[in-house]
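Comments concern the structure below.
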Amino acid sequence: MDRHDILHGVQAVVREVLDAPTLTLTEQTEAVEVGGWDSLRHVRIILAVEARFGIRFDMDEIQDLADVGALVDLVAKHLAAQ
């Protein structure tokens, strides 16, 4: 799975969790730039990303995610380790 596929999957998750079917994310998108992406929904997004890709994150890994690109990197790292 390449970065584009991962970004597309993350975007689908965020759209679903935030009920924002037309939301477009880039790797530079930060949560604070997206309406409705608060701390509770962040947790729901992380859990949904884990479920979608069949992976599990450590708390330390998700604590300092700066943007969507960092989340894509993290998903890619876990998929490569499988």
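When Glu27, Glu50, Glu61 are checked against the criterion of being modelled with pLDDT of 95 or more and in contact with a helix residue (DSSP H, G or I) (Cβ under 7 Å, 6 or more places away or on another chain), Glu27 stands alone in meeting it. Remark: Leu74 matches the filter, which requires a residue to be under 18 Å from Val13 (Cα atoms), buried (at least 17 other Cβ atoms within 10 Å of the Cβ) and touching a helix residue (DSSP H, G or I) at 6+ places or on another chain (Cβ under 8 Å).
Residues that are open to solvent by 70 Å² or more (accessible area, probe 1.4 Å) and polar (S, T, N, Q) were ranked within the stretch 20-35; the one that is farthest from Ile62 (Cα to Cα) is Thr22.
Whether a residue is within 21 Å of Met1 (Cα to Cα) and of a type in the set (Asp, Glu) was assessed, and Glu27 passes this test. For the stretch 1-19, the candidate set comprises residues that are open to solvent by 30 Å² or more (accessible area, probe 1.4 Å) and of a type in the set (A, V, I, L, M, F, W, C); within that set, the residue that is nearest to His78 (Cα to Cα) is Met1.
Take the stretch 36-65 and flag every residue that is open to solvent by less than 70 Å² (accessible area, probe 1.4 Å) and under 17 Å from Ala76 (Cα atoms). Matches in the stretch 36-65: Ile45, Ile46, Ala48, Val49, Glu50, Phe53, Gly54, Ile55, Phe57, Glu61, Ile62, Leu65.
The values are calculated or read from the model by the stated rules, or taken from the named source; none is laboratory data. None of the values given here were measured: they were computed from a predicted structure. Positions of Cβ are generated from backbone atoms using ideal geometry, with glycine treated the same way; all protein chains shown enter the neighbour counts. For accessibility, only protein heavy atoms count, side chains too; no ligands or nucleic acids. Shrake-Rupley method; radii C 1.70, N 1.55, O 1.52, S 1.80 Å.
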